[in-house]
Each structure stands twice: as structure tokens, then as C-alpha cells.
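Below is one structure, written out as C-alpha cells; comments come after it.
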Amino acid sequence: MSGTLNKVMLIGHTGDEVKMHYFEAGSCIGRFPLATNDSYVNKSTGERVNTVEWHNVVVRNKAAEICEKYLHKGDKVYIEGRLKTRKWLDDQGKDRYSTEIQCTEFTFLNPKTENQSSGAKSTQKPEAGQKPAVESKQISSTSSDNQEDDLPF
């Protein structure tokens, strides 16, 4: 293969609210931590070990505004994106690094509750490459006696 691939897919729980940063040009970014869990059985002791890995997620512009509005601490979310490592100098002049997930697509995985559905419903279309929030389907309560089916069975 001649090309390369930088792709990350995570399903986890948010560790905090989305922190927004706005810029003069009108763009913005949102940042939030995402926790993923793993468990295994320690072969030497036989006990179950649970581990948590924290990821720094960055979303941009309209996607960041949607996340700020609908994502809350503890919510389950699917994130797709790429890894990006930033480098900077700290106060003592030492190099510091931070690896982030640059989110390109996301899907909210929490089921809608009464509190969420009674609030404002998002009617905005997601940006290109962004998956819409999971919508719960409602079944029509109309009687089938008054309707004719075109179904063959």
C-alpha cells in the first residue's frame, strides 16, 4: 500500500461538558475528554482488572456548537476522527506534547429521555462528514383498519 491511514473510532463516555473557544474570524472549537473502558482477567491472580483510557477530543465549528448543546458529562458517544499531536514550550522552556482526537464524525448514543425530548429539538443538518444524532423512531398510533396495505404479506 502506498498511502497511509490515520483513523480513530471510539465509543465512550464524556468526562466533562464541552469547553468552547471562539475566534475572531467567527470559527470555534470545542474540547472534551472521552473515557473508554477495558477489562481483563489477571492470569497470575485470577481477578478482573478494569482500566480506563482518557482521550482528548476536539470538534470544530458547527459540529462543536452541536456537541456543546447536546453532549453532557457522562453521555455515551461514538467519535470518529484522526490523531494529531501538538507540541509547545512550557514555562520552564521544556517541550510538551498533547495527542488529541480531531473529530470528523460523531453520533450521540444515549437514548432520548423526557428531559431531552422536551427541550429544543435540533433541526439543523450536520456538516458534511458528520453523522446526525441518534433519533428515536415514533410509531404512528393510527388504526390500520382505515388504511389499505400494499404489502404482499
Would you check which residues across the stretch 72-109 are of a type in the set (Val, Ile, Thr), touching a Ser or Thr at 6+ places or on another chain (Cβ under 7 Å) and within 14 Å of Leu34 (Cα to Cα) and list them? Val77, Thr99
Could you list all residues from the stretch 1-19 that are surrounded by 12 or more Cβ atoms within 10 Å (Cβ to Cβ), assigned to a loop (DSSP other than H, G, I, E, B) and among the hydrophobic types (A, V, I, L, M, F, W, C)? Val18
Conditions: (1) touching a residue at least 40 places away in the same chain (Cβ under 8 Å); (2) surrounded by 10 or more Cβ atoms within 10 Å (Cβ to Cβ); (3) more than 11 Å from the chain's Cα centre (by Cα). Arg96 meets all but one. Number of the miss? (1)
Kindly establish whether Tyr22 is at negative phi, in contact with a Cys (Cβ under 7 Å, 6 or more places away or on another chain) and either of a type outside the set (A, V, I, L, M, F, W, C) or surrounded by 11 or more Cβ atoms within 10 Å (Cβ to Cβ) (or both). yes
Working only within the stretch 66-81, note down all residues that are of a type in the set (Asp, Glu) and closer than 11 Å to Cys103 by Cβ. Glu80
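Computed from the coordinates by the stated procedures, all read-outs in this text should not be read as laboratory data. Computed from a predicted model, the values in this text were never measured in an experiment. We place every Cβ from the backbone using ideal geometry, glycine too, and count neighbours over all the protein chains shown.
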